[in-house]
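Trainee: Here it is, the structure in full.
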Amino acid sequence: MKSIIIIPARYASTRLPQKMLLNQTGKPLIQHTYESASKAALPVSVMVACDHQAIYDAVKSFGGNVVMTDPNARSGTDRIAEVAAKCDADIIVNVQGDEPEVSGDAVDRAVQMLIDNPPAVMSTLAVPIRRRQQLEDPSCVKTVFDALGRALYFSRSVIPHPRGGIQEEHLQQEPPLFYQHIGLYAYRRDFLLRLSQLPPSAPERTESLEQLRVLHHGYEIHVGVITEPAIGIDTADDYRRFVEKYLREMPSET
């Protein structure tokens, strides 16, 4: 099955303006994400779907593939669907543009899950949660899945919720009880093109989580467990930490 990676890249950002173009490392942020995604072995190509000429020019400047999309697209999903409609591929991988440390192995894992599970229309990833602060943070999206890896639910609340309250033993037990959802998705192309036509569900509107629309309409999402998440760049502090780490590790690069 042919797979491709599409990276949605939006110019405007509320918390960190024009973050795709931040370049304190000597490279724009979108280039770091592009190069990391390109390490995946299964997808045959990587493409950026952008909404602004400045991002388009930045990607072109480092030799990347890029296409301009509707600046009024409602979401990154709609942006990649616009590109996917013109692509010859069976599986589309959505890698967020603000995840410069995304793992090629993680991308391959998401693709392989769709190859191995024909009923699934989407796949995504999760990582164990071991810290209470992270578990109780609404910005950390949690997920639960069945014994076959099929998603049961996604929530900003603690799920599953221990009846007697959260104890330290719950955070340390094996297999892990709590999982953070990682926002890397692989879609079957035909389903991606239908997704925006599905009406939003009450849980989706309540939690502000688009993946709940998929479950509400009876479709199957497979969840793969990884050990380390890619760190997204949402704030100036996130970017500062990324720059410090990148510059610290530069001498070891070959």
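Values in this text are rule-based calculations from the coordinates and carry no lab data. These numbers come from a predicted model, not from an experiment. Methodologically, a virtual Cβ is constructed for each residue, glycine included, from the backbone with ideal geometry; neighbour enumeration extends over all protein chains shown.
Trainee: Out of (i) 51, 45, 34; (ii) 75, 34, 30; (iii) 55, 42, 33, which label holds the value of Cα extents along the principal axes in Å that was computed here?
Mentor: (iii)
Trainee: Can you give me the long-range amide H partners of Tyr185? Hydrogens built in the peptide plane at 1.01 Å from N, cutoff under 5 Å, separation of 5 or more residues or another chain.
Mentor: Asn94
Trainee: Calculate one ³J(HN,Hα) per residue across the range 231-238 by plugging θ = phi - 60° into the Karplus curve 6.51 cos²θ - 1.76 cosθ + 1.60, and present them in order as whole Hz with x for glycine and proline.
Mentor: 8, x, 9, 10, 10, 4, 5, 4
Trainee: Using the structure shown, list the pairs from Lys2/Lys39; Lys27/Lys245; Lys39/Lys142; Lys60/Lys142; Lys60/Lys86 with a Cα-Cα distance above 25 Å, or answer none. Can you show the working numbers first?
Mentor: Details: Lys2/Lys39 16 Å; Lys27/Lys245 14 Å; Lys39/Lys142 27 Å; Lys60/Lys142 37 Å; Lys60/Lys86 20 Å.
Flagged as over cut-off: Lys39/Lys142; Lys60/Lys142.
Trainee: Shifting gears a bit: Of the beta bridges DSSP finds with both residues in the chain, what % are antiparallel, to the nearest 5? Write down the numbers at each step before the final one.
Mentor: Numbers: 16 of 34 bridges.
The antiparallel fraction comes to roughly 45 percent.
Trainee: Just to be sure I understand the model, the point goes 7 Å from the Cα along the line to the Cβ. What's the resulting Asn23 to Glu35 distance in nm?
Mentor: 1.3
Trainee: Another question about this same structure. Could you tell me whether the range 1-99 comes out rounded, prolate or oblate from its Cα gyration tensor? Rule is a ≥ b ≥ c as square roots of the eigenvalues, rounded for a/c under 1.5, then prolate if a/b exceeds b/c, otherwise oblate.
Mentor: Numbers: a/c = 1.88, a/b = 1.28, b/c = 1.47.
Oblate is the answer for the range 1-99, as a/c is 1.5 or above yet b/c matches or exceeds a/b.
Trainee: So, one more: Stokes-Einstein at 10 °C, 1.306 mPa s, Kirkwood radius from Cα pairs: D for the range 103-229 in µm² s⁻¹?
Mentor: Working: Rh = 15.2 Å.
So the translational diffusion coefficient is about 105 µm²/s.
Trainee: Let me ask another. For a quick check of your reading of the filter: which trypsin sites (Lys or Arg not before Pro) in the range 53-88 sit in a DSSP loop and have no more than 14 other Cβ atoms within 10 Å?
Mentor: Values: sites: Lys60, Arg74, Arg79, Lys86; in loops: Arg74, Lys86.
Within the range 53-88, the qualifying trypsin sites (Lys or Arg not before Pro) (loop, at most 14 other Cβ atoms within 10 Å) are Arg74, Lys86.
Trainee: Provide the net charge surrounding Leu148, with neighbours chosen by a C-beta distance below 13 Å and charges set as Lys +1, Arg +1, Asp -1, Glu -1. Intermediate values should be presented prior to the final figure.
Mentor: Numbers: positive: Arg150; negative: Asp116, Asp146, Glu220.
Result for the neighbourhood of Leu148: -2.
Trainee: Expressed as a rounded percentage, what relative contact order does the chain have, with Cα pairs under 8 Å and six or more residues apart? Before the final figure, lay out each step's value.
Mentor: Values: 476 pairs, mean separation 56.6, N = 254.
Rounded, it is 22 percent for the chain.
Trainee: Using a cut-off of 12 Å between beta-carbons, work out the net charge of the residues near Arg79 (Lys and Arg +1, Asp and Glu -1, Arg79 not included).
Mentor: Working: positive: Arg10, Arg74; negative: Asp51, Asp70, Asp78, Glu82.
Once positives and negatives cancel, what remains is -2.
Trainee: Report the charge-dipole magnitude of the chain in Debye, nearest 20, computed about the Cα centre from +1 at each Lys and Arg Cβ and -1 at each Asp and Glu Cβ. Can you show the working numbers first?
Mentor: Working: 27 positive and 32 negative charges, 68 e Å.
The calculation lands at about 320 debye.
Trainee: Of all DSSP beta bridges located in the range 103-229, what percent are antiparallel, nearest 5? Numbers along the way, then the final one.
Mentor: Details: 12 of 18 bridges.
Antiparallel: roughly 65 percent of the beta bridges in the range 103-229.
Trainee: Give, as a single signed number, the net charge of other residues whose beta carbon lies under 9 Å from the beta carbon of Met20, with Lys and Arg counted +1 and Asp and Glu -1. Spell out each step's value before the answer.
Mentor: Details: positive: Arg10, Lys19; negative: Asp98.
Neighbourhood net charge equals +1.
Trainee: Which distance in Å, rounded to a whole number, links the C-alpha centroids of the range 78-109 and the range 18-52?
Mentor: Measuring centre to centre over Cα atoms gives 11 Å.
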